[in-house]
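Report on the structure given below.
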């Protein structure tokens, strides 16, 4: 039994050594900072719950399609950005959780379906489902009409940022720029469907 535990630990340690390199840590720190700075600089556009929220930093979610390790930086960046949110702890906890869930679903989609556009829909759906709940915990009175309206507006804002702006940007870079995969440290997504 001890030998099994040692083998499992050594596999985990091997995985850590292989995946958590200085380069990956620096890349994730840069992504976290970029996400937080873009979100904070866009000010009210990034934090308007229940209305048309345009969080342009959400474009960075598409990086996870090409390298799953970037989910660490995106989740941390969302946490840092949400600390500045006027919605307090609900946004810090549930908003960050929404980014983590979106990243996990993007990873699964990138491994199974290998479709960038389908991967891009996850942040739209997850954030649209979670933002109304954040507003509820913040103190907004919740009913089904409010939830649907808030879901629709949040989905539209995410759709504009991730799919209308981000997807074509990544598509053009992947098709036209030869050094794109190397620049973003891609570990997957080389043969993906647009």
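A helix-only calculation puts the chain at -21000 deg cm²/dmol for mean residue ellipticity at 222 nm, using -39500 (n - 2.57) for each DSSP H run of at least four residues, averaged over all residues. Each label point was placed 7 Å from the Cα along the Cα-to-Cβ direction; for residue 113 and residue 16 their separation is 3.5 nm. Helix 167-176 and the long axis of the chain differ in direction by around 30°, with both axes built from C-alpha atoms.
In Å³ and rounded to a whole number, note down the convex hull volume per residue for the Cα atoms of the chain.
It is 143 Å³ per residue.
Once the Cβ-Cβ distance between residue 51 and residue 182 is put in as r, and R0 is 41 Å, what FRET efficiency do you end up with, to the nearest 0.05? Efficiency at R0 = 41 Å is approximately 0.55. With R₀ fixed at 45 Å, the C-beta to C-beta distance from residue 193 to residue 33 puts the FRET efficiency at about 0.90.
Every number here is computed from the coordinates shown, using simple stated rules; none is lab data. Fair warning: this is a prediction, and the values are worked out from it, not measured in the lab. Here Cβ is always computed from backbone atoms with ideal geometry, including for glycine, and neighbour counts include all displayed protein chains.
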